[in-house]
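What follows is a single structure, written as structure tokens, with notes after it.
Coordinate-derived values only; no laboratory data. Not measured: the values here are computed from a predicted model. When we count neighbours, we look across all protein chains shown, and the Cβ atoms used for this are built from the backbone with ideal geometry, even at glycine.
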Amino acid sequence: MLFLLLFTHLLLALVGASSDALLSALQTTDDDCSSCLALLGAFQTVSLGSVDAFVAEFTSLCIGLGAADPDVCTGLIAREGPILAHDLNSINTTAGQTAERLCDALLGMCVSKAVNPFTVPLLKPAPKNPTVFSSRGRPTFRVVHLSDVHIDRFYTVGSEANCTKSICCRDFDDSPAVPTVPAGPNGNSHCDSTVNLADSMLAEVERLNPTFTIFTGDVVEGATWIVDQTEVTNDLAAFNAELAAKLTGPIFPSLGNHDSAPVNAFARTTTNTANNSQFVYDTQSAGWEQFIGPGPAAQVDHISGSYVAQVPGMKLRIIAVNTQLWYKQNFWLYDSDTPQPDPNGIIAFLAEALQATEDAGERAWVIGHIPLGKEDTLPDQSNYYDQVLQRYKNTIAGQFFGHSHKDQFEIAYSNYSEQIAANAVGVGLIGPALTPTSGNPAFKVYDIDPDTFEVMDSSVFFTNISDPSFQISPTWGRFYSARETYGPLVGLQPHEPLSPAFWHNLTDVFMTNDTAFQMFNTFLSRAGDVTPCAGDCVNTTICDMRAFRSENNCDVPATGFSLRRRAVSGGAHDSDECEGVGLAHILSQMVSSV
């Protein structure tokens, strides 16, 4: 701690003069687009001179303004600052779409949901007589959906669980000698998952004996200012080994935004020849081969973490896509003023995989980390994904995601201007998290029709961290069944799946039945951390359920909403359970502090 303070004072002394210009730019930043662009210009002036100076000045301001603890400022900016400097040195910061989108990602300014026109080059037109997949009423089979485990392998029992950082339960340099809230052996709501908690979940999954398991990403814990390539590599390898040792059925995994170093950093091959995310693909290509086979594993290595694999003994293919290349907080995406419609060819790969599936008369599930309708998905790529979905809606039997840490769903429509059940053509089912930061640890279980591969029921299994026995041995059990709970509200018939139309009809119920909506609101966090939602919150939440394209969600910051108020009241750019502290959070805190 003493070393860190001495380093901080030296840093401030070295860059104090030139930091004045940046401080002045921060002080004059208002809640409008032009002032954000001016702030980018001030930072660009420093980054063009020296990336090291940029990192040093950014760090000194972060510490001086109290935007985060000194070690968080130092570690995070050392990791992510060079990527931001690379962006600033590559684009026009005075005008242009890239600079405005960077302002959106960093400060929630210059927000626009406009989509650059682009038609995905699909391989073939839709067949005149598409294959009809009909159920024969056979017994369903079971699939488990895991997501966002965020296992902290440096979790320390007895350490401070109520710290000043976004993730606690570690022996940080500035931890108190005597903790006020000692960390228990199985976790805390201010901390990421323990190894014990993850092991108990996998034991419950194995007890349920699923036909196969899908995992929608985020292995690595959320201490983003400390995580480096070595930790990411070790964490990914360790979880792969645990999955292999504890689950006997097939496993189909995908990448999460935390599964890299720095966090969110997945570079485009077209604008960054030294792709620093390749180590992730190398690691998971080797680690996942035991689950998906050598052919798909080679695709992981060469198609930026994406692959297509056949489910053994079934006419079902799993297509895993790296959604982080469409993620607003991936700062590698802002280093060119030329639009990049399909970073690393992921959308083209998806279309080709679906065409091959259609040609074979089979069906596909798409799995990925970040849902396409979230505010933090770039509107361009969300729209282009939707083009693929519209074309192959007959082939796609399911879409599964994570990232939000909540039990949610998003509906796609053939006509977003007329959101009715008849126009509902797809749904993204979003899995809750293991990490206790977002509520009670949980996972999903699906009952699947063996002929159509459609979801007949979706159940959530959880363990209650408030239970007195949790710290001794977590007890897992079913929280609720969507079919049993929601089915009677919409008149679901015994033979009907949980179709896109079913989920749309449920949103109609939520609009008029507040009791039903509040039940859903409780389910979001598995009754672990329920946030009240009424009035406009209900309308926004239902709007977001009906938005599997990010351009259609209702999560735009209100005009004139000051940065200070945004930082206090929370929002898309604040630290939260699914992102943790990052550049956007730190810069927002810096602006709101001056």
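Quick one: order ARG268, ARG138, ARG153 by neighbouring beta-carbon count within 10 Å, fewest to most. Show your work: numbers first, answer last.
Details: ARG268 19, ARG138 9, ARG153 16.
If I rank by nearby Cβ atoms, fewest first, I get ARG138, ARG153, ARG268.
Quick check: net charge around SER90, other residues with Cβ under 12 Å of its Cβ, Lys/Arg +1 and Asp/Glu -1? Working shown, then result.
On the way: positive: ARG268; negative: ASP87, ASP335, ASP337.
The answer is -2.
Any aspartates and glutamates with Cα under 16 Å of the LYS128 Cα? List them, leaving off those in the same chain fewer than 8 positions away.
Hits, sequence-local ones excluded: GLU358, ASP359.
Please state the charge dipole magnitude for the chain, taken about the Cα centre, from unit charges on C-beta atoms (+1 on K and R, -1 on D and E), reported in debye and rounded to the nearest 20. Present the calculation step by step, with values, prior to reporting the outcome.
On the way: 31 positive and 65 negative charges, 281 e Å.
Taking the Cα centre of the chain as origin, the dipole is about 1360 debye.
If we sort 383-391, 319-327, 106-114 on the protection proxy, mean other Cβ atoms within 10 Å, highest first, what's the order? It would help to have the intermediate numbers written out before the result.
Values: 383-391: 21.6, 319-327: 28.4, 106-114: 19.3.
Top of the packing list down: 319-327, 383-391, 106-114.
Counting other beta carbons within 10 Å of each Cβ, put SER193, SER458 in order, fewest first.
Details: SER193 26, SER458 20.
Starting with the residue having the fewest Cβ neighbours, the order is SER458, SER193.
Can you tell me which aspartates and glutamates have their Cα less than 13 Å from the Cα of LYS246? Leave out same-chain residues fewer than eight positions away.
Within the straight-line cut-off, LYS246 pairs with ASP199, GLU204, GLU206.
Between beta-carbons, use under 12 Å as the cut-off and find the net charge around THR507, counting Lys and Arg +1, Asp and Glu -1. Don't jump to the answer; show the numbers that get you there.
Numbers: positive: ARG546; negative: GLU410, ASP508, ASP544.
Cβ neighbours under 12 Å give a net charge of -2.
Applying a 10 Å radius around every beta-carbon, put 158-166, 221-229 in order of their mean neighbour count, most first. Please report the intermediate quantities before stating the final value.
Working: 158-166: 19.3, 221-229: 21.9.
In decreasing order of mean packing, 158-166, 221-229 become 221-229, 158-166.
What ranking do LYS393, LYS444 get, fewest neighbouring Cβ atoms within 10 angstrom at the top? Mind dumping the intermediate values first?
On the way: LYS393 17, LYS444 25.
Ordered from fewest to most neighbouring Cβ atoms within 10 Å, LYS393, LYS444 come out as LYS393, LYS444.
With θ taken as phi - 60° and the coefficients 6.51, -1.76 and 1.60, list the Karplus ³J(HN,Hα) couplings across segment 544-552 in order, rounded to whole Hz; mark glycine and proline as x.
5, 4, 9, 9, 8, 10, 5, 5, 9
Starting at the first residue of segment 233-239, write each ³J(HN,Hα) from the Karplus equation 6.51 cos²θ - 1.76 cosθ + 1.60 with θ = phi - 60°, in whole Hz, x for Gly and Pro.
Running phi through 6.51 cos²θ - 1.76 cosθ + 1.60 with θ = phi - 60° gives 4, 5, 5, 4, 5, 5, 6 Hz.
State the three equivalent ellipsoid semi-axes of the chain, derived from the C-alpha gyration tensor as the square roots of 5 times its eigenvalues, in descending order and whole Å.
Numbers: eigenvalues 282, 154, 110 Å².
Result for the chain: semi-axes of 38, 28, 23 Å.
Which GluC sites (Glu not before Pro) from segment 373-447 combine a DSSP loop assignment with at most 15 other Cβ atoms within 10 Å? Don't skip to the answer; put the middle values down first.
Numbers: sites: GLU375, GLU410, GLU418; in loops: GLU375, GLU418.
Loop-located and lightly packed - GLU418.
Listed here are the pairs LYS165/LYS374; LYS113/LYS444; LYS113/LYS406; LYS328/LYS393; LYS315/LYS444; LYS328/LYS406; which of them are more than 30 Å apart at the Cα?
The answer is LYS113/LYS444.
I'd like to know which of LEU106, SER285, GLY295 lies farthest towards the positive end of the charge dipole of the chain, counting +1 on Cβ of Lys and Arg and -1 on Cβ of Asp and Glu.
Of the candidates, GLY295 comes out farthest on the positive side.
Given H placed 1.01 Å from N in the peptide plane, which residues other than close sequence neighbours of ARG268 have an amide H under 5 Å from its amide H?
none
5 Å is the cut-off here: which amide hydrogens, built 1.01 Å from N in the peptide plane, fall below it relative to TYR413, excluding neighbours closer than 5 in sequence?
VAL425, PHE548
Applying the Karplus parametrisation 6.51 cos²θ - 1.76 cosθ + 1.60 with θ = phi - 60° to the phi angles of segment 179-192, what ³J(HN,Hα) value in whole Hz is obtained for each residue in order, glycine and proline being reported as x?
These are the phi-based 3J(HN,Hα) values: x, 7, 10, x, 6, x, x, 10, x, 8, 5, 9, 9, 7 Hz.
As a test, work out the antiparallel percent of DSSP beta bridges whose residues both lie in the chain, rounded to the nearest 5. Working shown, then result.
Working: 28 of 49 bridges.
If we restrict to bridges inside the chain, about 55 percent are antiparallel.
Using 0.36 nm per residue of separation minus the Cα-Cα distance, give me the extension gain between ALA244 and ASP199 in nm, one decimal.
Numbers: separation 45, 0.36 × 45 = 16.20 nm, distance 1.20 nm.
Taking ALA244 through ASP199 to full extension adds about 15.0 nm, to one decimal.
Considering amide H positions built from the backbone, and no H for Pro or chain starts, which residues 5 or more places from GLY184, or on another chain, come under 5 Å of its amide H?
Under 5 Å from the amide H of GLY184 lie the amide H atoms of GLY158, each far enough along the sequence or on another chain.
Can you order the peptides 123-134, 497-508 by their average number of other Cβ atoms within 10 Å per residue, highest first?
Numbers: 123-134: 10.1, 497-508: 20.9.
Taking the mean over residues of other Cβ atoms within 10 Å, the ranking is 497-508, 123-134.
With each run of n ≥ 4 DSSP H residues scored as -39500 (n - 2.57), what mean residue ellipticity at 222 nm is computed for the chain after dividing by its residue count and rounding to the nearest 500 deg cm²/dmol?
Values: 17 runs with 231 residues, N = 594.
About -12500 deg cm²/dmol.
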